[in-house]
Amino acid sequence: MTSVDVNNRVKEKTLSTVSRLSLQQVSKGFKSGNTNLTALENINLEVKPGEFVCLVGPSGCGKSTILNLVSGLEHADSGKVLVNGQAVVAPGPDRLFLFQEPALFPWLNVISNIEFGLKSIGVPKSERRERAMKYLTMVHLQKFADFRVHQLSGGMRQRVAIARALAIDPEVLLMDEPFTALDAQTRDILHQELQQLWAATGKTIIFVTHNVREAVTLGDRVIIFTYRPGRIKREFSTTHLSRPRHIEDQAALSLVREITAELRSEVQLAVAAEYGEAYEDEQIAV
Amino acid sequence: MSVTLETLSKSKPQSIASQLFSLKLAKAIGFALLKIVAFGLGVAIVWEVIYLLMVEVFHVWIAALFPAPVDVIISLIDHATDGTLLRATSASLFRLFIGFGLSLPLGVFSGLGLARSRWFKRVVGPIVLGFQALPSVCWLPLSILWFGLNERAIIFVVVMGSVFSITIATYDSTKLIPPLLLRAASNMGVRGWALFWRVVLPASLPAILSGARQGWSFAWRSLLGGELLTAGVGLGNLLNQGRDLTDMSLVMAIMLVIIVLGLAFDQLVLTRLEHAVQRSYGLSRS
Ligand SMILES: Nc1ncnc2c1ncn2[C@@H]1O[C@H](COP(=O)(O)OP(=O)(O)OP(=O)(O)O)[C@@H](O)[C@H]1O
Ligand SMILES: [Mg+2]
């Protein structure tokens, strides 16, 4: 991407009236056996271009389902899922997933993994190496271009996955607990890198996490979900906190406390429900 | 990052090709030969003891039916020096490599076909399972009627003997691909045949190679089965000749040759290839 692109995106972020992402009255249920489970109920969410939105909620409230709906892997039962005002019909490389696991291909070395994505979107062969190298350098792994995936640490793998995604130049990044499997120090570094990359590329990011501190560190907005059926409970803005942020920032502490308190009752509901089910299962098993 | 270049450069990435054709290969061959010699020596000593006891001391068996190891080696040298052994071996290996060379790609592609197309699976799946249950020599009468008493008849038996196990191994291996890799690929817009070439096939490669090893041993058995029941130059024919002349030394010499050839290709080519791939995928410790 050229610097002109970045400028355009920044302008877009402030001027655009069309949301990058828009969920309107979205509901989604799953059938498991005879029981119908409402995963998401009446979700309304607007995300502006270049915005960084974090989703937080108890386990099973439907956060991953929202990402699946946006990516087009799942379809809503009712309501609209729009990207740039267009209804989502199928998965596409304009909305890229980053999972908890890096999902790199073990038969390719680092640079070829990034080139894999470029080939997929039809970048001509002659341009792939240079572009892949550029994004590998962005995540500071240029020295590891020829390494095999299994020769990297978990944090390095996740950075390669980020580079692979960014190289494809998607409009939206869907990040589903991407740093959960990493140690605290590596996560720290990746928080800094992600904020830099986001500032440099102007991507729209939806970021799912269980870690309230992480959400406050990264997001412009933090959205709290209720336990089943998943609904938006409350939304917090973090724009009063200056960037780049660090997970230990004192200024963020009161907001972190407030969000954690808001979340606690929902998490208790989730635990109670899951404990209850386990308890019932035990009864049946006996 | 916490992981430095120094610690990682100890395990410099190596391509599969360079792993296979390096000095290490020479070492491995030397080591394998040493193992074979040591094993052979052990067998020869036990054999000699049994021979001395049963034939020379107690006269329970006769030397014509239980030769001494020396007789077998002499027979081996005799047939090696007059060229019969070389001619028979090359004729057999020719059939074997043509047959195995046909059934490997055939098996891999029909296995991938089974995984790819439900229609193909419904039609071909039961046939594969059924024919896999049929011992390969049972193809011989049909093969002779179709092709006549010639090379092609035996090659056909070799193909039939090994292709189905490779098909099944390939099909099974596609089921073991981590779903996350497929999801990541489809998220990047890789679908259809491209998904097959670029993800499914390389992801299945380690398991396909184990299947190929199994297919190799089936091919070897089928070949000898076919050769024993037909005339024409070959190791099976030499075995028959030994039987007709009550030349037990020849019979045992040929059995030895068959064991060594089968093992050598399996250990020096297929197993090495399998391990090299596993190492480069990070599936085993190198
Ligand atoms: N394919 C599916 N089939 C049936 N039920 C599903 C399916 N996918 C999700 N669900 C259910 O929908 C609910 C929401 O799932 P989802 O994965 O979105 O939760 P989550 O908020 O991401 O949870 P976690 O924080 O544990 O990842 C869960 O109760 C889950 O059991
Ligand atoms: Mg989830």
**Asked** Any chance region B:213-235 includes a residue that's within 22 Å of B:ILE74 (Cα to Cα) and at pLDDT below 90?
**Response** no
**Message:** Looking at A:LEU55, A:LEU45, can you tell me which residue is in a strand (DSSP E or B) and either more than 11 Å from ligand 2 (Cβ to nearest atom) or free of Cβ contacts under 8 Å to residues at least 40 places away in the same chain (or both)?
**Reply:** A:LEU45
**Prompt:** Residues in region A:207-217: is at least one open to solvent by less than 10 Å² (accessible area, probe 1.4 Å), modelled with pLDDT of 90 or more and away from ligand 2 (no atom under 16 Å from the Cβ)?
**Reply:** yes
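Part of a helix (DSSP H, G or I) and either open to solvent by 60 Å² or more (accessible area, probe 1.4 Å) or touching a Cys at 6+ places or on another chain (Cβ under 8 Å) (or both): is that true of B:ARG198 in this structure?
Values: part of a helix (DSSP H, G or I): yes; either open to solvent by 60 Å² or more (accessible area, probe 1.4 Å) or touching a Cys at 6+ places or on another chain (Cβ under 8 Å) (or both): no.
Considered against the rule, which asks whether it is part of a helix (DSSP H, G or I) and either open to solvent by 60 Å² or more (accessible area, probe 1.4 Å) or touching a Cys at 6+ places or on another chain (Cβ under 8 Å) (or both), B:ARG198 comes out as no.
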**Message:** Yes or no: region A:62-72 includes at least one residue that is surrounded by 22 or more Cβ atoms within 10 Å (Cβ to Cβ), within 26 Å of A:ILE259 (Cα to Cα) and more than 16 Å from ligand 2 (Cβ to nearest atom).
**Reply:** no
**Item:** Residues of region B:170-195 satisfying the condition of being under 15 Å from A:SER71 (Cα atoms), in a helix (DSSP H, G or I) and of a type in the set (Gly, Ala, Ser)
**Value:** B:ALA184, B:ALA185, B:SER186
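Listed here are the residues, each with its yes/no results for (1) within 8 Å of chain B (Cβ to nearest Cβ); (2) open to solvent by 30 Å² or more (accessible area, probe 1.4 Å); (3) not aromatic (Phe, Trp, Tyr).
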position	(1), (2), (3)
A:ILE114	no, no, yes
A:GLU127	no, yes, yes
A:ARG131	no, yes, yes
A:MET138	no, yes, yes
A:LEU141	no, no, yes
A:PHE144	yes, no, no
A:HIS150	yes, yes, yes
A:ARG159	no, no, yes
**Request:** Would you check if there is a residue in region A:263-276 being at pLDDT 85 or above and either open to solvent by 30 Å² or more (accessible area, probe 1.4 Å) or in contact with a Phe, Trp or Tyr (Cβ under 6 Å, 6 or more places away or on another chain) (or both)?
**Result:** yes
**Prompt:** Does any residue of region A:81-97 turn out to be more than 17 Å from A:PRO170 (Cβ to Cβ), within 14 Å of chain B (Cβ to nearest Cβ) and touching a residue at least 40 places away in the same chain (Cβ under 8 Å)?
**Reply:** no
**Message:** Testing A:VAL149 on (1) of a type in the set (Val, Ile, Thr); (2) without any contact (Cβ under 8 Å) to a residue 60 or more places away in the chain; (3) within 16 Å of ligand 2 (Cβ to nearest atom), one condition comes back false. Which one is that?
**Reply:** (3)
**Prompt:** So which of A:LEU166, A:LEU190, A:LEU173, A:LEU194 is in contact with a Phe, Trp or Tyr (Cβ under 9 Å, 6 or more places away or on another chain), away from ligand 1 (no atom under 16 Å from the Cβ) and in a strand (DSSP E or B)?
**Reply:** A:LEU173
**Message:** Quick check on my filter: what residues within region A:33-42 are open to solvent by 50 Å² or more (accessible area, probe 1.4 Å) and either part of a strand (DSSP E or B) or not assigned by TED's automatic domain parsing to the domain that holds A:THR239 (or both)?
**Reply:** A:THR35, A:ASN36, A:LEU37, A:THR38, A:GLU41, A:ASN42
**Asked** From the list B:ALA194, B:ALA203, which one is among the hydrophobic types (A, V, I, L, M, F, W, C), without any contact (Cβ under 8 Å) to a residue 12 or more places away in the chain and within 14 Å of another protein chain (Cβ to nearest Cβ)?
**Response** B:ALA194
**Message:** Return the residues of region B:152-185 that are open to solvent by 20 Å² or more (accessible area, probe 1.4 Å), within 11 Å of another protein chain (Cβ to nearest Cβ) and in contact with a helix residue (DSSP H, G or I) (Cβ under 7 Å, 6 or more places away or on another chain); say none if nothing qualifies.
**Reply:** B:LEU182
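Working only within region A:218-242, note down all residues that are over 24 Å from A:VAL26 (Cα atoms) and surrounded by fewer than 23 Cβ atoms within 10 Å (Cβ to Cβ).
Matches in region A:218-242: A:THR238, A:THR239, A:HIS240, A:LEU241, A:SER242.
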**Message:** For the structure I just gave you, tell me whether A:ALA181 is in a helix (DSSP H, G or I) and among the hydrophobic types (A, V, I, L, M, F, W, C).
**Reply:** no
**Asked** All but one of (1) more than 8 Å from every other protein chain (Cβ to nearest Cβ); (2) surrounded by fewer than 19 Cβ atoms within 10 Å (Cβ to Cβ); (3) farther than 30 Å from B:LEU238 by Cβ hold for B:SER217; which doesn't?
**Response** (3)
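The values are calculated or read from the model by the stated rules, or taken from the named source; none is laboratory data. Note that the coordinates shown come from a computational prediction; the quantities given were computed from them, not determined experimentally. Note that we place each Cβ from the backbone using ideal geometry, even for glycine, and neighbour counts take in every protein chain shown. In case anyone asks, the SASA skips ligands and DNA or RNA and just uses the protein heavy atoms, side chains included. Shrake-Rupley method; radii C 1.70, N 1.55, O 1.52, S 1.80 Å.
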